[in-house]
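The values are calculated or read from the model by the stated rules, or taken from the named source; none is laboratory data. From a predicted model like this one, the values you see are computed outputs, not experimental measurements. Cβ placement follows ideal geometry from the backbone for every residue including glycine, while neighbour counts extend to all protein chains displayed. Just so you know, the surface numbers come from the protein's heavy atoms only, side chains and all, with ligands and any DNA or RNA stripped out. Shrake-Rupley method; radii C 1.70, N 1.55, O 1.52, S 1.80 Å.
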Amino acid sequence: MSVYIRKDSKDGTYSYEFQLQGRRFSGNTERTSEREAKQVERTKRKEAEQRILEEKEFSSEEMTFEIASSRYWLEIGQYHENAETTTWSLEWLEKAIGKKTLLRDITDNTVAKLVAKRRNELIPRRKKPVKVGPSTVNRTMTQPLREIMIRAENIWNVKVTKIDWSKHLLKEPGERVREASPDEEKAIMGELERGYDVAVKFAFLSGCRRMEILGLIWARVDFFSKSITVIGKGKKSRVIPMSKAMFTLLWAERDRHPEKVFTYVAARTSKRYKLIRGQRYPLTESGLKTAMRRAVPNAGVTNFRFHDTRHTAATRVLRVSNLRVAQKLLGHEDIKTTTKYAHAMVEDIRNGLDAMSPTESPTGNTDGDANGLGEKQNSN
């Protein structure tokens with residue numbers, strides 16, 4: 001892939017250029033960020049692949065993985081909430097399997113080798129790289145391939161080899177529930193500023209996901225009814241009543257931006273990113289991730305991620321209400337998903353039992369009376 005800024009570019013936007021099956025494709029991404037430009041190029045490549053696909057006639061028994069991947073992207077992949085991840089997965093699979101490999105030649109043996117290959121890849125980390133975990137292998141390799149193969153057989157009527165997918169999906173660890181203590185929350189908040197602190201505080205108060213927070217616009221904030229509407233997973237909306245703390249926080253952010261609720265103050269002027277020092281701009285996903293990634297260790301807090309603000313809010317709500325309330329707050333369709341927070345009630349019961357101290361004489365009798373009762377019972 002190749003994205004670059006043309007010498008004659010006046011606005012600093014990236015252009016793209018690539019070749020596909022002997023044909024050249026190029027254009028302007030209209031993006032000033034290299035990362036965003038590469039994503040545009042990936043999309044353009046998929047569109048080009050589909051265009052070539054539509055120009056070809058192919059046999060149902062001779063469909064290559066390249067054609068299947070392009071068709072899956074056109075029909076399903078591009079509409080995924082995390083389409084960028086889907087694009088990455090399809091590119092990885094094309095390279096690992098081989099673009100010209102026929103679908104009917106992909107077997108259990110093929111999938112087993114792919115799983116092993118993905119598991120042994122390394123993810124960069126500050127201290128040292130770590131191997132890809134089971135959840136990531138399933139999400140970025142096995143599941144996308146499974147969906148392509150099933151769709152090819154059931155929808156496109158393509159001949160494929162029967163694969164036992166249950167043998168290839170790795171066992172995933174249960175989702176943890178990490179709750180921040182009040183002191184940990186205070187310490188983290190003390191390391192945030194310039195608008196990132198407001199967004200993270202709102203996360204602690206509301207239990208909203210990162211993208212729900214970044215996507216919140218003023219049109220969905222109703223101060224009159226004291227409620228907000230967020231767009232969650234699957235583009236589904238839910239209404240969250242404002243607490244007094246949420247109302248105060250949001251009220252203070254009015255008039256900072258005409259559309260987006262959560263903004264940050266630019267620390268420096270950047271022609272490349274079109275930023276002016278001191279002015280406010282909508283928070284970005286990468287910016288919020290970076291701010292949180294720096295704040296947590298600086299605060300002396302360990303094993304805490306942004307999503308744990310959601311766990312913290314849910315656990316705190318559950319302590320003063322019930323599972324149904326927590327379910328509504330988090331937007332879970334199935335209450336079974338919410339039951340992972342039930343540990344909060346168990347801990348509270350245990351703490352309550354530990355706090356109890358038995359009275360000196362629960363029955364109102366003296367030790368002598370109790371002994372007398374015992375003697376009377378023994379005499380009968």
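Figures for the structure shown
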{"quantity": "Contact order normalised by residue count of the chain, Cα under 8 Å, 6+ apart, percent", "calculated": "11 percent"}
{"quantity": "Theoretical ellipticity at 222 nm over the chain - DSSP helices of four or more residues, -39500 (n - 2.57) apiece, nearest 500", "calculated": "-14000 deg cm²/dmol"}
{"quantity": "Mean separation of Cα contacts under 8 Å, 6 or more apart, over the residue count of segment 1-100: relative contact order %", "calculated": "19 percent"}
{"quantity": "Over 18 Å [Cα-Cα, segment 294-347], rounded percent", "calculated": "37 percent"}
{"quantity": "Pairwise centroid distance, computed over Cα atoms, of segment 106-140 with segment 268-341, Å", "calculated": "27 Å"}
{"quantity": "Whole-number percent relative contact order across segment 206-345, with pairs defined as alpha carbons under 8 Å at least 6 apart", "calculated": "22 percent"}
{"quantity": "Carbon + sulfur, % of accessible area of segment 141-269 - ligands and nucleic acids excluded, 1.4 Å", "calculated": "51 percent"}
{"quantity": "Diffusion coefficient, µm² s⁻¹, Stokes-Einstein with Kirkwood Rh over alpha-carbon pairs of segment 251-305 at 20 °C and 1.002 mPa s", "calculated": "166 µm²/s"}
{"quantity": "Where Arg238, Arg51 fall by accessible area, highest first, once all protein chains stay in place (1.4 Å)", "calculated": "Arg51, Arg238"}
{"quantity": "Chymotrypsin sites (Phe, Trp or Tyr not before Pro) restricted to DSSP loop in segment 256-332 with at most 13 other C-beta within 10 Å", "calculated": "Tyr273"}
{"quantity": "GNM top mover of Gly300, Gly352, Gly278 - the chain, alpha-carbon springs below 10 Å", "calculated": "Gly352"}
{"quantity": "5 angstrom amide H check on Thr161, placed H, neighbours 5+ away", "calculated": "Ile106"}
{"quantity": "The chain - accessible surface per residue (Å², probe 1.4 Å)", "calculated": "60 Å²"}
{"quantity": "Segment 87-145 - convex hull of alpha carbons, volume per residue in Å³", "calculated": "81 Å³"}
{"quantity": "Principal axis dimensions, largest first and in whole angstrom, of the chain by Cα", "calculated": "103, 59, 44"}
{"quantity": "Spatial extent of segment 1-140: Rg and Dmax, with the Cα atoms as the point set, Å", "calculated": "17.1, 52"}
{"quantity": "Under 10 Å, Cβ to Cβ, from Ile217 - net charge with Lys/Arg +1 and Asp/Glu -1", "calculated": "+1"}
{"quantity": "Solvent-accessible area, 1.4 Å probe, carbon plus sulfur percent, for segment 23-138", "calculated": "46 percent"}
{"quantity": "Most fluctuating residue given options Ile97, Ile155, Ile231, as computed from a GNM of the chain linking Cα atoms under 10 Å", "calculated": "Ile155"}
{"quantity": "Heavy atoms of His311: accessible area, 1.4 Å probe, square angstrom to 10", "calculated": "0 Å²"}
{"quantity": "Fluctuation leader among Ile228, Ile123, Ile188 - the chain, Gaussian network, Cα springs under 10 angstrom", "calculated": "Ile123"}
{"quantity": "Sparsely packed GluC sites (Glu not before Pro) within segment 72-170, loop by DSSP, other Cβ within 10 Å at most 16", "calculated": "Glu81, Glu121"}
{"quantity": "Long-range HN-HN contacts of Arg31 with modeled amide H, under 5 Å", "calculated": "Tyr14"}
{"quantity": "Calculated SAXS-style log₁₀ I(q)/I(0) at q = 0.14 Å⁻¹ - segment 78-224, Debye, Cα scatterers", "calculated": "-0.89"}
